[in-house]
Amino acid sequence: MQLAQTAGRPGVTAAAGPFGQGVLDVPKGWLWMPGGSLRVVGRADPGGPVDRVEVLEGRWATAPGEIVVAWPSAGTPGTELLGTTLEVPGTAPLTVVGFAAGMGKSADAWVSPEQMTVLRPATAQMLYRFTDSSTPARLDGALARATTGLPEGALTSAHTHLDLRKAFSSLADAYLPFMTLFGVLGLLVSALIVGNVVSGAVVSGYRHIGVLKALGFTPNQVVAVYLAMMAVPALVGSAAGTLLGNALAEPILRIAFSGIETGRAAVGGVSSWVSAVCLLGMPTLVLLTALVPALRAHRLPAARAISAGSAPLTGRGLRVLGGSRLPRAVSMGLGQPFARPGRTLLTLAAIVLGVTTVTLATGLTSTMLAYGEAGRGGGALVRVEAGGPDNGRAAPLQDDAGIEARLRSLPGAAGVRARALAQVTLAGQSRPAFADFYRGDDASSAGRIARGRMPGAAGELVAGPAFLTQNGLRLGDRVTLALGGRQTSATVVGELIDGNARALEASWDTLLPLSPDARAVEYEVRLTPGADARTYAAAAEAADPGLRASVSDAGNTATTTVVAFSTVFTVLLSVVASLGVFNTVLLGTRERRRDLGMLKSIGMTPRQVVMMTVTSVAGVGVVGGLLGIPLGVLAHRLVVDNVQVVSFPESMKAVWDVPQLSGLLLAGVAIAVVGALVPARSAARMTIAAALHTE
């Protein structure tokens with residue numbers, strides 16, 4: 001009665017319950033489950049004001065002896081499992097009449113209130129929706145106000161929608177930091193390219209501008225002409241990009257939000273407002289970027305425009321370097337950036353962004369390769385599953401210890417680690433956890449710890465960052481594990497680099513108080529270097545009729561995905577940065593056609609023209625490398641520190657050394673040189689007559 005009255009407390013906008021709640025023991029192999037505890041709630045119907053449940057297959061449990069089981073993934077179950085029974089001590093068996101899913105994850109199964117009365121529930125469940133639930137602190141305060149007046153210790157656990165959000169987006173959160181950073185870099189480089197392209201249109205259209213003004217076009221009309229030139233391709237490109245993005249969004253989002261935590265949430269395409277922002281935002285960005293060079297056309301006199309290229313360029317850098325002892329082509333090339341400081345800054349910015357991207361991708365690749373190597377140890381890894389159907393190849397071994405001893409004795413085995421799996425309940429937490437209990441050699445776990453150490457004695461466990469965050473645990477905290485009516489205490493002694501949000505690992509001695517007769521379900525066998533994994537797998541299957549051996553894949557999906565993604569973006573942004581240099585050099589050679597003609601007429605060779613042109617951006621490339629490397633290192637640290645589902649140790653973050661940084665410095669020069677080569681060779685092939693044609 002007291003619990004039901006909390007539904008009317010201030011700040012509670014909706015409530016459901018109280019529902020009786022109990023825990024049933026599930027044997028190994030029941031439905032898809034590995035065995036353990038099943039949290040069951042007595043609920044009359046799947047609807048209600050809070051945590052509505054969707055029946056995926058079958059129907060709701062409305063009578064005693066019926067149970068509806070929560071489906072663990074976003075897929076739709078088949079009907080062949082309906083009718084499965086669960087033996088319950090002290091009462092009649094429960095028959096599965098339906099499968100359901102709810103985003104609230106408030107139960108593993110549901111029965112009718114009458115059936116829950118028979119099960120004699122030890123606890124009750126109350127579901128709330130609060131007025132202010134934006135932060136954990138506000139949720140805790142609202143819950144405290146709602147439960148004021150209840151007996152001390154009545155509240156045993158609480159689970160909020162914020163925890164569910166973390167679980168729901170855990171995979172997407174892993175990729176979000178570097179996808180966002182690469183996207184920002186792409187936008188910045190695109191803006192620089194637009195500015196360069198419009199500058200090129202203005203310079204290459206000098207004579208056209210002069211003719212327009214001579215025919216009576218006003219300066220504003222000339223600006224409008226050049227803005228229209230950019231607006232049309234910008235609109236076409238934005239439309240094509242928006243359509244392509246919408247087409248790719250749905251499959252990518254489904255992959256990013258896949259997993260057991262998604263429930264029945266609809267993961268679809270991009271919202272209409274996002275498409276509208278992309279469709280209108282990019283042309284707006286293009287027009288704003290194009291406005292600055294377009295204003296040059298506004299101010300350009302008609303006479304100067306018609307005599308395009310006839311005015312020689314001057315600059316302090318040209319005068320200073322002209323008197324140096326450097327080769328004439330080199331000194332003139334190094335001085336050219338000072339003649340056009342605004343354009344040089346645009347080129348420098350493009351190179352800096354390119355080097356930043358290369359540095360970031362190099363760091364991510366090194367970090368992810370180190371992450372992929374974590375836990376591999378020396379030789380190949382063979383996984384041997386126990387308890388399967390008889391393979392008919394050998395007489396069965398007597399016990400769990402006999403299987404482990406036989407696997408150790410086979411040729412090529414360097415170490416064996418046995419694993420038992422159970423679904424345990426953590427005191428104070430609303431959801432069960434999948435616990436792996438290990439004994440034996442721990443070579444396969446080497447390098448998997450981000451902080452602390454691996455469990456080695458009774459009462460010790462480790463988990464990944466997602467599990468620790470969602471359960472509010474830190475190193476040194478103690479928890480109580482429950483299984484089959486038994487309990488034991490354990491201390492968090494380490495944080496894994498990664499791990500499932502509902503999984504933990506513990507020592508075998510921690511399992512014995514919970515299940516004294518537990519047997520291993522799998523053995524991880526680390527082979528000696530050079531040993532043939534398939535030969536060992538065949539020998540393992542021949543040792544016992546219930547064993548199934550498989551060679552563990554040496555690859556790492558996350559590593560492959562991140563490295564591939566980084567490589568693609570690095571190549572694309574480096575090419576775009578080189579195109580920015582290309583456009584700058586092309587503008588420079590067109591503006592200086594008269595100068596080039598004069599230099600060729602007094603004996604400058606085509607090779608010297610190429611050297612002068614390439615040198616004009618090589619120095620900018622060096623400066624861009626010096627600026628881009630620290631920015632890339634900072635971006636790398638920002639990304640790896642904010643991947644929420646992986647806790648990289650410092651050894652995986654400290655990936656930089658002097659030879660690597662020296663090589664990255666050359667990336668700026670490479671971007672500059674690659675972008676300058678084509679227009680430089682074109683300028684070298686230009687004839688004196690063509691160069692002086694504007695006179």
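Any read-out appearing in this document is the output of simple, stated calculations on the displayed coordinates, not a laboratory observation. None of these values were measured; they are calculated from a predicted model. Positions of Cβ are generated from backbone atoms using ideal geometry, with glycine treated the same way; all protein chains shown enter the neighbour counts.
Tabulated values for the structure
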read-out	value
In order through the range 484-499: 3J(HN,Hα) via Karplus (6.51 cos²θ - 1.76 cosθ + 1.60), integer Hz, x for Gly, Pro	x, x, 9, 9, 8, 9, 9, 10, 6, 10, x, 10, 6, 4, 8, x
Gyration tensor (alpha-carbon) shape descriptor, the range 445-545, a/c threshold 1.5	oblate
With eigenvalues of the C-alpha gyration tensor scaled by 5 and rooted, the range 2-134, Å	26, 17, 12
R0 of 41 Å, Cβ-Cβ distance R486-E385: FRET efficiency to nearest 0.05	0.95
Spin-label model distance (nm) - T117 vs A228, 7 Å beyond Cα toward Cβ	8.2
Residues whose placed amide H lies under 5 Å from that of V26, excluding near-sequence neighbours	G36, S37, L38
Full-extension gain in nm, L285 to Q221, via 0.36 nm per residue minus C-alpha separation	21.0 nm
Cα centroid separation - the range 1-74 against the range 602-663, whole Å	56
Distance between modelled label sites at L295 and V277, nm, 7 Å Cα→Cβ extension	2.8
Point-to-point label distance, D657-V622, nm (Cα→Cβ direction, 7 Å offset)	2.6
Fraction of beta bridges assigned by DSSP in the range 2-134 that are antiparallel (%, nearest 5)	70
FRET efficiency, A458 to R534 (Cβ-Cβ, R0 56 Å, nearest 0.05)	0.90
Cα coordinate range in the range 381-551, projected on the principal axes (Å, largest first)	47, 35, 23
Zone of Q5's modelled label, taken as backbone nitrogen in the range 133-149 under 13 Å from a point 7 Å along Cα→Cβ	147-149
Residues with amide H under 5 Å from that of A100, placed H, sequence gap 5 or more	L56, V69, A70, W71
Sequence-distant residues sharing a close amide H with G379 (under 5 Å, placed H)	L527
Stretch gain in nm, segment T131-V575, where the contour uses 0.36 nm per residue and the Cα spacing is subtracted	154.7 nm
Gain on full stretching of the segment that runs from V184 to R637 - 0.36 nm per residue minus C-alpha separation	161.5 nm
